[in-house]
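Enquirer: Have a look at this one.
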Amino acid sequence: MAANREGGDDATSGVQSRILTTLLNEMDGITNTGGKQGVLVVAATNRLDAIDAALLRPGRLEEHILLSYPNSSTIQEILKIETAKMPLDA
């Protein structure tokens, strides 16, 4: 298969494009005035660079929250909490 400019093959790119189009169409149909009150869409990614600009247009996802990587002291604290009940070697 031929590779596209993002590094994937054409079949994968086509599937991703169809999924994005479907998602955008569904999101465009969600409005507070259309009787669909209380709809919450939550999206997450670890590939911020791969997000299509169409998803970030005004009116699509209202809030954007970026969680940065924890620093070394925070990582130590997380490990301490997560391993509190585990026997560990010094």
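Read the figures in this text as sums done on the coordinates, not as results from a lab. The structure displayed is predicted, hence computed values, not measured ones. So basically every Cβ, Gly included, is an ideal-geometry build from the backbone, and we count neighbours across all protein chains shown.
Enquirer: Separation between the Leu79 and Glu63 pseudo-spin-labels, each 7 Å from Cα along Cα→Cβ, expressed in nm?
Expert: Once both label points are built, they end up 3.2 nm from each other.
Enquirer: Show me the ranking of peptides 72-82, 39-49 by mean Cβ neighbours inside 10 Å, starting with the highest. Please report the intermediate quantities before stating the final value.
Expert: Working: 72-82: 9.8, 39-49: 7.6.
Answer by packing, highest mean first, reads 72-82, 39-49.
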